[in-house]
Amino acid sequence: MSGTGVRLVRDVGLTDAVEYAYAAVADTPLRAVWVAGACPLDGDGATVAPGDYAGQARQVMRNLEAALQGAGASLADVVKTTVYVASSRRADLVEAWEVYREQMGSRDVPSTLLGVTVLGYDGQLVEVEAVAVIPGGHGA
């Protein structure tokens, strides 16, 4: 159990060759934070790093951290993510995933990585959404 009250579940008889926990258990009381998909936009709303999966993933993670901070949370509080990559090429998904993993550090929370046809902003290649929990609950 971490200081956040979240226990990551790994040893469930499934392969250990994955870079994430299979489940996360959060004990109450806690506050839950759902973060909209973080996009690779700069402060002016322009898509950064056109054509660059890693560059966009870095901006996405900066924006995800900012959104979490605004909600009183951090990457350490994240319990689930979904990583979207606009590509059908596995190498592109892996390139974005490697940046995501680097930014998440030792937090190998349950996550889904998927390739999609298109994302919402012009030139957008990467998006990450997250769920976080914060100990305390009741609007702490």
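The values are calculated or read from the model by the stated rules, or taken from the named source; none is laboratory data. Because the structure is a prediction, the values reported are computed rather than measured. Every residue, glycine as well, gets a Cβ built from its backbone with ideal geometry; the counts of neighbours run over all protein chains shown. Surface areas here come from the heavy atoms of the whole protein model, side chains and all, with no ligands, DNA or RNA. Shrake-Rupley method; radii C 1.70, N 1.55, O 1.52, S 1.80 Å.
Below is a table of values for the structure above.
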| quantity | calculated |
| --- | --- |
| Yes/no for Val94 being more than 18 Å from Val35 (Cβ to Cβ) and without any contact (Cβ under 8 Å) to a residue 24 or more places away in the chain | yes |
| Qualifying residue in the stretch 56-69 (condition: farther than 11 Å from Val128 by Cβ, in contact (Cβ under 8 Å) with a residue 60 or more places away in the chain and of a type in the set (S, T, N, Q)) | no |
| Residue, surrounded by the most Cβ atoms within 10 Å (Cβ to Cβ), within the stretch 51-76, restricted to residues that are under 18 Å from Ala24 (Cβ atoms) and in contact with a helix residue (DSSP H, G or I) (Cβ under 7 Å, 6 or more places away or on another chain) | Leu68 |
| Of all residues in the stretch 83-107 being of a type outside the set (D, E, K, R) and part of a loop (DSSP other than H, G, I, E, B), the one that is surrounded by the most Cβ atoms within 10 Å (Cβ to Cβ) | Ala86 |
| Any hit, the stretch 39-55, residues being charged (D, E, K, R) and closer than 28 Å to Arg10 by Cβ | no |
| Residues satisfying the stated conditions in the stretch 108-140, i.e. open to solvent by 40 Å² or more (accessible area, probe 1.4 Å), of a type in the set (D, E, K, R) and not in a strand (DSSP E or B) | Asp122 |
